[in-house]
Amino acid sequence: DGEPTFSIIMVGASGDLAKKKIFPALFALYCEHCLPKNFTIFGYARSKMTDAELRTMVSRTLTCRIDKRENCNEKIEKFLKRCFYHSGQYDSEENFAELDKTLKEHEGGRVSNRLFYLSIPPNIFINVVKSASRSASSKNGWTRVIVEKPFGRDSESSAALTSGLKQYLDEDQIFRIDHYLGKELVENLSVLRFSNLIFEPLWSRKYIRNVQLIFSEDFGTEGRGGYFDHYGIIRDIMQNHLLQILALFAMETPASLDAEDIRNEKVKVLRSMRPLQLENVVIGQYKGHAKGGVTHLGYTDDKTVPEGSLTPTFAAAALFIDNARWDGVPFLMKAGKALHTKRAEIRVQFRHVPGNLYKQNFGTDREQATNELVIRVQPDEAIYLKINNKVPGLGMRLDRSNLNLLYSSRYSKEIPDAYERLLLDAIGGERRLFIRSDELDAAWNLFTPLLKELEEKKISPELYPYGSRGPVGAHYLASKYNVRWGDLS
Ligand code: BG6
């Protein structure tokens, strides 16, 4: 047929990300009939492997999530037949030329579109892009490259990476993933705000007291301590995932839903942010803890972590956007590993009702009498709004209750994984959910001076027990701005 062929080349095919996320996401898209008709998947890595071995490896990661009926195994078989493996060095133009030859055999002279997914450490991004773009880019269709963080460690290294990539690629060929942008409730953020009259007019300093962006995991860095130690929680979660959510939350109304219009607004917000001050940041590190017969090791007990490491596994920060909409509103971020729960949420605390007629009727907890909108990104996706109501009965006592949109009770369809949406968009050339280079620069400019100061001054993190709620310093930081963390009250 005359339809273009589409190849996705998974560079680093045997890595964790490819196995856990990318192959399953591609299979889910296949089941949903979302992949281009003539698609082929090529694994590319250094180790020797046959097509059959790759297929066995991939098949272990696939589940019948979408098609639960019996023909799922048949689908898996069909999908695997489209998967191939090519072994080669990451910096070898020759090896990529061989890959090109194999791709051409599959393409049979038709228009070919090629998507390279770099599931490899960033220090070899440029080598791969250089060899792949010289020897294996499409001659008659498009070539795109997906890269995933870490995009450097600071402004300088990120800029070097960007300019390295741009030697071989145009900006519109580069798809930088922040997988949080592919999460259902993050994508819904704009819908919630811009299509509901009861929210849109309230979205400013006039009605919002503070905004909280919270990420917690109930496991440590076990097994990836060596990697993590080079980055720490601020680079791992805050500078990207939480900051991206903040930018989407706080941006001005874009001219349209076009990718450039949205990204222009996000960059503007990031550029309006006040430089982060050390006194507005608290860092922590988890220590070993034994509870109920289970002992969890501390961060530095991990053999891959250098002794005496000061790398934070927890951080809380107060950020400010110095523009007309958000002047003076604290945006509090909190991110940590080895905490008591796994959760990611956005909390919007509204101001008090001026001259509230019912302020006496709340009992002692008058602080509680404000509205709060919670967007729970995961787990158990939900949006709930805390409102005040009267406790039924003859008296007049007020209570706070939740108007609750719990996705699992409202929708029977399972929520797609973030990577499914992102891959689909990259295939379709939709850039809205990918990070443009100026966004990345702005994000690094915000965090780099702070990161340098923390490292130069060798600031010690506050220790907190594995499985706890994190360092108390986070409470002091919030109370400095008259804020209570919503997830703890
Ligand atoms: C990654 C971080 O970007 O996000 C990990 O590097 C973290 O440290 C992960 O565990 C969390 O993603 P998710 O989708 O499981 O919340």
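The values are calculated or read from the model by the stated rules, or taken from the named source; none is laboratory data. Everything numeric here is computed off the predicted structure, so don't read it as measured data. Cβ atoms come from the backbone with ideal geometry, glycine included; neighbour counts cover every protein chain shown. With ligands, DNA and RNA removed, areas are computed over all heavy atoms of the protein, side chains included. Shrake-Rupley method; radii C 1.70, N 1.55, O 1.52, S 1.80 Å.
Figures for the structure shown
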{"quantity": "Dipole magnitude of the chain, debye to nearest 20 (Cβ charges: Lys/Arg +1, Asp/Glu -1, about Cα centre)", "calculated": "1200 debye"}
{"quantity": "Relative contact order %, region 111-171, counting alpha carbon pairs below 8 Å whose residues are six or more apart", "calculated": "44 percent"}
{"quantity": "Cα long-axis angle, helix 259-271 against the chain (0 to 90 degrees, to the nearest 10)", "calculated": "50 degrees"}
{"quantity": "Charge sum, other residues only, whose C-beta stays under 14 Å from N140's C-beta, Lys/Arg counted +1 and Asp/Glu -1", "calculated": "+1"}
{"quantity": "Alpha carbon centroid spacing (whole Å) that separates region 117-151 from region 1-62", "calculated": "16 Å"}
{"quantity": "Expected 222 nm ellipticity per residue - DSSP helices of 4 or more, -39500 (n - 2.57), all of the chain, to 500", "calculated": "-9000 deg cm²/dmol"}
{"quantity": "Span per principal axis, largest first, for the Cα atoms of the chain (Å)", "calculated": "78, 51, 50"}
{"quantity": "Point-to-point label distance, N196-D261, nm (Cα→Cβ direction, 7 Å offset)", "calculated": "2.2 nm"}
{"quantity": "Accessible carbon and sulfur surface of region 47-202 relative to its total accessible area, %, 1.4 Å", "calculated": "50 percent"}
{"quantity": "The chain, accessible area per residue, ligands and nucleic acids excluded (1.4 Å, Å²)", "calculated": "45 Å²"}
{"quantity": "Unit Cα scatterers, Debye sum, region 132-264: log10 I(q)/I(0) for q = 0.09, 0.10, 0.16, 0.22 Å⁻¹", "calculated": "-0.39, -0.48, -1.06, -1.39"}
{"quantity": "FRET efficiency, 1/(1 + (r/R0)^6) with R0 51 Å, evaluated for W142 and R400 via beta carbons", "calculated": "0.45"}
{"quantity": "Nearest-0.05 FRET efficiency for R325 and T50, computed from C-beta distance (R0 60 Å)", "calculated": "0.55"}
{"quantity": "Relative contact order (%) - region 1-108, alpha-carbon pairs under 8 angstrom, separation at least six", "calculated": "32 percent"}
{"quantity": "Sequence of E453, E105 from largest to smallest accessible area, 1.4 Å probe", "calculated": "E105, E453"}
{"quantity": "Whole-Å distance, taken between Cα centres, linking region 177-228 and region 263-337", "calculated": "15 Å"}
{"quantity": "Rounded accessible area of V191 (nearest 10 Å², 1.4 Å probe)", "calculated": "80 Å²"}
